[in-house]
């Protein structure tokens, strides 16, 4: 970066014709000033300084006798200049374990120093399953409401976490303590990705970086300084008490800090990041002021699960996951060179906020690469779950997978990897459907329409005629009467075959399961759903989708609309449905101009059939222009959608701030004494204006800063690169200073730090 | 006997007419110079720049050399860039109102809103006010502590005194705002008076 100056004076005549000395005495450029301990000082274009300032310490606070106490702590990151913060949901959502009346936001005002409480924030939206939340700075720490349009805070941009590759370098920023330590950074590499049901192959990014649990909710950055992951772990514990908890406050007002006081839960160490791609919709919605208003049904809602304890069971391994998130087969051993392995298990009575964990040992030694530190449950209440990975080597050894719920082990399973491939009898790749007139199984694969018969097609390999095998059909977890059929194999070694289940009265809508065993051992299993009316070979569950902006008797009975003015505050997607059993998993996804805002998978809560189930979006002000689309899915059925245009039907183009650019700050000092000049006005003109062009119109100004008590100033917006800038500095009692030609080169990476000296006006 | 040295005074001669004129002209020239100096200073200090927004119906003269801003939620805002500390501000905003609104109710609304956003906001008084064109208005005087919005800069709060002139015209409230650092309020108040004298609300 180069800095050069050229004086200009004509515009000053009007302002002060007798004071004509334009003096710019010194402009210093200091590069590479990164004060963050253990930070990536030598790291290419990662601006550790800016990221550290954009990293905030979050404390949930609640009222206690005689004052306020901290309930939970964590880290967050500014993702917009007007104060949107991305963090973990468990840091900021009110719960028994973590009561939250307010969320205090502390900023690193001086690098190397602990953060200072500066603002209060409010939750804009969150996804408890993904453990992601977006906050918005709402008030000053003294309670004053903030005009967010006046904020110009340091922030980071979200990167594309899907572009991450193994061994990519990442840098994690966060606060390692309970607020007494400065922001820290730690560097590591991507060592893998963990897949999980509901999310897919990149549910988690794995790193070997050592990340303290309190840094949960912070940011992991790529070499370009873009946020690509959120370090995530949740404190585990039962009955509202975390396993690891710090007592630091007198919360019961008895003037003692002891076991009767509430404590601040802390997690252990983090070894997984939630990819930024999963947060993009939340952030995007928050930027546009759009909220997920959930869904509702005016009739009787099916009661949620009771207070039964959550359980995991039937743990087994599969080398692959099919497109419906189901195991292809069951294995107890894999040959050397395996690069794909998934642990499947049944779950029941799981609730949002339940903390679970997977610990993996290899030959008895804990292996964090394949483990998942405690995380919030992201699935529905019951069903089949998986966690695992593909595309990365699984070294030879004996693996033991142990699952925990709230820190208590609830199941484990072992598998050996190594040795040659063995040809053992095996079933695999179960798919379900209806039989056509040729006897072929047709349909979507795992969702069948209501009827009398359901058929399953599966592949068999290396079978031996004469060995016993068995099929068992289940409905909603209970074995179907006459659903267990045992026999002797007689179809030869390899091929595929079809089996069926039937009921003359019709198969009930709901969740079914087929288990295939060979010689008494489970070999393959898959779940399917019966739902909806038959539409050819497919099921039609949702119908008559329409959109309204109000819920009235009139709109409930109308055909809806496809176009709305941009003054509306809510959009309701109304749907009718047929034969969808309670607790059947279904997914809804809102998109704005083709980009996902919200996506949720949960159990169906309404009766089997009905009309006017609504799913809503809303805004506190008004919904922005755009095309809004709701997508509904059950299992692997093709999604059904409904769209509506608001205003012009396309999001407005916003020339917003960017997180890429160069920061400018500095100090204005007295030329004689060297002391900072408080109250000096530093004006940085837009790149297209020189000092001569400046007519004291604020539209010509890129940024302005009033120097503080030390004479320090800072332009809050980042300066676009490859441009020339001009500055004007005014201070009472001093000769004004101006300069043209400050260059910020295209490859400039480091902050521009100016030191400006001013002469007294005698 | 001690001797005394005596210097005889020259005999006094009356000033000539030319000398008397010369003295008078010198004094007059000096006075004229002072007057001219004051006049020039007043012209420079009181120099103004015209502002016209015919769409909003606002014509005014604001102090020359002040920073003009028309991008915010106001018609016009001018700030003194050379003011130490808080930048003295003149502002005109138009606010839509209901048919039953009075200038007093608007003042109350301003107070409630500012109490939420300005530190130590305190109303020092409200009173009826007559604009130079004869329109009736309400004058609100208040004070608050101005704090630096950039948390990364360390500045002490500055006490700001403000005056709002609120009037209703054509179904909308017109709010004329003057704010200045407390210590300079008396010295700078003429800025508001000068501004009001030039303000035309069409």
- Message: Whole angstrom only: what separates the Cα centroid of region B:110-163 from the Cα centroid of region A:333-365?
- Response: 62 Å
- Item | Folded to 0 to 90 degrees: helix B:103-117 orientation relative to chain B principal axis, Cα | 90 degrees
- Task: Going by C-beta contacts inside 10 Å, put A:561, B:16, A:738 in order with the fewest on the left.
- Result: B:16, A:561, A:738
- Divide by every residue of chain A the summed helix terms, -39500 (n - 2.57) for each DSSP H run of at least 4, and state the resulting mean residue ellipticity at 222 nm, rounded to the nearest 500 deg cm²/dmol. -1000 deg cm²/dmol
- Task: For region A:48-287, restrict the atom set to alpha-carbon positions and state the Rg and Dmax in Å.
- Result: 17.0, 54
- Message: So for region A:654-762, considering every pair of alpha-carbon atoms, how many percent are separated by more than 20 Å?
- Response: 39 percent
- Determine the shielding of peptide A:143-152 by partner chains: average, over its residues, the number of Cβ atoms on other chains within 10 angstrom of each Cβ. 3
- Among A:64-77, A:686-699, what's the highest-first ranking by average C-beta atoms within 10 angstrom per residue? A:64-77, A:686-699
- Per-selection Kirkwood Rh - region A:311-417 (Cα, Å, 1 d.p.): 14.0 Å
- Query: What order, most packed first, do the peptides A:322-332, A:402-412 have when packing is the mean number of other Cβ atoms within 10 Å of each residue?
  - Reply: A:322-332, A:402-412
- Query: Among A:600, A:90, which comes first, then next, by fewest other beta-carbon atoms within 10 Å?
  - Reply: A:600, A:90
- Query: Over chain B, how many percent of alpha carbon pairs lie in each 10 Å bin up to the one with the longest distance?
  - Reply: 7, 26, 27, 13, 7, 6, 6, 5, 2, 1, 0
- Task: Within a 10 angstrom radius of each residue's Cβ in A:696-705, how many Cβ atoms of other chains show up on average? Whole number is fine.
- Result: 4
- Task: May I ask you to order B:57-66, A:219-228 by the average number of other C-beta atoms within 10 Å around their residues, highest value first?
- Result: A:219-228, B:57-66
- Item | Peptide-level mean, for B:74-86, of C-beta atoms on other protein chains within 10 Å | 4
- Spherically averaged projected area in nm², based on the convex hull that wraps the Cα atoms of region A:426-526: 6.3 nm²
- Rh (Kirkwood; distinct C-alpha pairs) - region A:541-641, Å: 14.2 Å
- Message: Please rank B:41, A:206, fewest neighbouring Cβ atoms within 10 Å first, as an exposure proxy.
- Response: B:41, A:206
- Taking one equal scatterer on every alpha-carbon of region A:704-762, how large is log10 of I(q)/I(0) by Debye at q = 0.13, 0.14, 0.17, 0.25 1/Å? -0.41, -0.47, -0.67, -1.21
- Message: Between region A:460-489 and region A:513-576, what is the separation of their alpha carbon centroids in Å?
- Response: 32 Å
- Message: Between 0 and 90 degrees, rounded to the nearest ten: what's the tilt of helix B:185-198 against the longest Cα principal axis of chain B?
- Response: 70 degrees
- Query: If all Cα-Cα distances of region A:80-140 are sorted into 5 Å bins from 0 onward, what percent lands in each bin, rounded to whole numbers?
  - Reply: 4, 18, 24, 25, 17, 8, 3
- Where Rh is the Kirkwood radius over Cα pairs, Rg/Rh for the protein assembly as shown: 1.11
- Report, please, the projected area of region A:272-367 averaged over directions, based on the convex hull of its C-alpha atoms, in nm². 10.7 nm²
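No value in this document is a laboratory result; all are computed from the given coordinates. Note that the coordinates shown come from a computational prediction; the quantities given were computed from them, not determined experimentally. Cβ coordinates were reconstructed from backbone atoms using ideal geometry, including for glycine residues, and neighbour counts include every protein chain displayed.
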